[in-house]
Amino acid sequence: MRCTSESHTDAVKLIRQLFGTTESVSRGASHLMNLLAGKHNVEYEARLCTLEDARRAVERAERFLEFVVQQIGST
């Protein structure tokens with residue numbers, strides 16, 4: 001299943017809808033939301049992505065990937 005909405009927050013809502021409201025799912029959804037917020041800031045604000053911004057984005061992406069792998073493994 002995939003989200004076809006143009007709003008990134010709808011993808012986060014879909015994750016919560018599909019996987020429930022456990023603490024693990026909440027953390028995974030938060031990782032994605034924070035990653036998307038960083039993307040939004042760099043893409044739409046008039047500022048460049050710093051090295052620290054990039055490091056945070058990679059950390060968030062890695063955490064979200066860990067969540068995804070856990071969810072796939074539990075299905």
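Computed over the alpha-carbon pairs of the range 8-73, the distance histogram in 5 Å steps reads 3, 18, 26, 23, 14, 9, 5, 1, 0 percent, short to long. What FRET efficiency would be calculated for the residue pair residue 37, residue 70, taking the C-beta separation as r and a Förster radius of 25 Å, to the nearest 0.05? So, using R0 = 25 Å, E works out to roughly 0.65.
Here the sum of -39500 (n - 2.57) over DSSP H runs of 4 or more residues, divided by the residues of the chain, equals -26000 deg cm²/dmol at 222 nm, to the nearest 500. Of all the options 12, 25, 42, the one that moves most in a Gaussian network model of the chain with Cα springs shorter than 10 angstrom is 42. When you filter the GluC sites (Glu not before Pro) in the chain for DSSP loop state and at most 15 other Cβ atoms inside 10 Å of their Cβ, you are left with 6, 45.
Coordinate-derived values only; no laboratory data. Bear in mind that the values here come from a model prediction, so they are computed numbers and not experimental data. A quick note on method: Cβ atoms are made from the backbone with ideal geometry, for glycine too, and the neighbour counts reach across all protein chains shown.
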